[in-house]
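Following: one structure in structure tokens, then a few remarks.
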Amino acid sequence: MSRLGRWLAGACASTVAVGLLIAGSALGGRPPRAGAGGGAGAGPEVAVGAYLHYGSPGVERMRELSSWLGGTELRAGHTYLPGDTWANIEGAPDSLRTWARWRQEKADRLFVLNVPMQERNEAGVPDDRVAELIRSGARGANDQHFRRLATRLVELGVPDTVIVLGWEMNGFNYTHRCRPDPESWKTYWRRVVAAMRSVEGQRFRFDYAPNRGGDAIAWTSCYPGDDVVDVIGMDSYDQEPGPTFDEQVSQPYGLQQQVDFARAHGKRISYPEWGLFRHGDNPAYVRGMLAWFAEHRPLYHSITDYCPHGVWQCGQNPRSAQVFRELLSAG
């Protein structure tokens, strides 16, 4: 999803229709609650999150969403660094302080930060120029920017941030995309991770999060290596390829392949972005995703909660919102 869309999330309404409070009678059976902590044999705990605003308002909205969910704790705080300038990629936004304070309030919280690998990340840069930028990064031209970011995060007291680096790299749009030179891109990723890990006190985890499906290039072709990846993520919206949730699971480079790939490489999985999209208000999709999380126990999942993707700040998906609320509510 574009940075512009994420920033516009701040303009979304923070309430939903009163009708969402009324239980429907056509929701079907209830799968295991996703993200509800684990008892004996339940597997690792899943941190539930939501992208609600890129800046400080996102923290307050997490409290409000938790209340709407009957007190369910949102343990994954998720935001993005703007990809417009290197200064912002180095961690200039003041809102990082607010997110850092939120993270420090409870020991079991996760701070999840999407980090662009190039400036002008949504500027429509052509493939030949992207290839040049990838090769320059692979030679170390940008190392200092990422060392500065790592230093800032450590100084803010969030040295254990989950870094979603170069997300959706298998796509067509971002300047940090992989397809123009996959081999150099992998080298560049390795340099970024080495630069950030060189900062004293850091304990970052690096999350490799492609789009679901084949997209511009097979996401397996961009994988930079087990020693520089800690989590295998996936951004998965209700859109093609895959008109149904079952097809989104079974398609090439889909949800099942992600789980299998992560298992083969000894990694946890995650879902930094998920939500409704091309198929409108689709409670079957929401139910399917939450059941998937309950079964496969990702490190965290974070719904993109603004229109058209969301279920709380967006009132146009009432049936999906009710499923989300029913299955994730405390108690």
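Compute the helix-to-body angle for 143-155: its Cα long axis versus the longest principal axis of the chain, expressed 0 to 90° and rounded to tens.
For helix 143-155, the angle is close to 50 degrees.
Any idea which of Ser236, Gly315, Gly49 is furthest toward the positive side of the dipole for the chain, if Lys and Arg beta-carbons carry +1 and Asp and Glu beta-carbons -1?
Checking the options against the dipole of the chain, the answer is Gly49.
What is the dipole size for segment 80-121, taken about its Cα centre, with +1 at each Lys and Arg Cβ and -1 at each Asp and Glu Cβ, in debye to the nearest 20?
Taking the Cα centre of segment 80-121 as origin, the dipole is about 200 debye.
Angle, helix 283-296 long axis vs. longest principal axis of the chain, Cα atoms, 0 to 90°, nearest 10?
Orientation of helix 283-296: about 70 degrees from the principal axis.
Just going by the charge dipole of the chain, with Lys and Arg at +1 and Asp and Glu at -1 on Cβ, which of Gly83, Ala150, Ser136 is farthest out on the positive end?
Ala150
Across every pair of different alpha-carbon atoms, what Kirkwood hydrodynamic radius in Å does segment 41-141 reach?
Its Kirkwood hydrodynamic radius stands at 15.7 Å.
Over the chain, what percent of the accessible surface lies on carbon and sulfur atoms, probe 1.4 Å?
51
Kindly give the semi-axes, whole Å and largest first, of the ellipsoid equivalent to the chain, taking each as the square root of 5 times a Cα gyration tensor eigenvalue.
Sorted largest first and rounded, they come to 31, 22, 19 Å.
What is the angle, in °, between the Cα long axis of helix 255-264 and the longest principal axis of the Cα atoms in the chain? Nearest 10 is fine, range 0 to 90.
That works out to roughly 60 degrees.
When only C-alpha pairs under 8 Å and at least 6 residues apart count, what is the relative contact order of the chain, in percent?
Relative contact order comes out at 22 percent.
Considering only Val199, Tyr300, Cys222, whose Cα is most displaced toward the positive end of the charge dipole of the chain, charges sitting on Cβ of Lys, Arg (+1) and Asp, Glu (-1)?
Toward the positive end, the furthest listed residue is Val199.
Can you work out the accessible area per residue across the chain, with the rest of the protein chains kept in place, probe 1.4 Å, in square angstrom?
I get 38 Å² per residue for the chain.
Name the trypsin sites (Lys or Arg not before Pro) in segment 45-120 that are in a loop by DSSP and that have at most 14 other C-beta atoms within 10 Å, would you?
Sites meeting the loop and neighbour criteria: Lys106.
Rounded to the nearest 20 Debye, what is the dipole magnitude of the chain about its Cα centre when Lys and Arg each give +1 and Asp and Glu each give -1 at the C-beta?
My answer is approximately 540 debye.
What Kirkwood hydrodynamic radius, in Å, does segment 203-331 give when the mean of 1/r is taken over all pairs of distinct Cα atoms and then inverted?
After inverting the mean inverse Cα-Cα distance, the result is 15.1 Å.
Which net charge results for the neighbourhood of Pro159, defined as the other residues with beta-carbon distances under 12 angstrom from its beta-carbon, given Lys and Arg at +1 and Asp and Glu at -1?
Net local charge, Pro159 excluded: +2.
Using Cα pairs under 8 angstrom and six or more residues apart, how large is the relative contact order of segment 202-331, in percent?
This gives 22 percent for segment 202-331.
The values are calculated or read from the model by the stated rules, or taken from the named source; none is laboratory data. What you are looking at is a predicted structure, and each value in this text was computed from that prediction instead of being measured. Counting neighbours? That spans all protein chains shown, and the Cβs are built from the backbone with ideal geometry, glycine included. Protein only, heavy atoms only, side chains kept; ligands, DNA and RNA dropped before computing areas. Shrake-Rupley method; radii C 1.70, N 1.55, O 1.52, S 1.80 Å.
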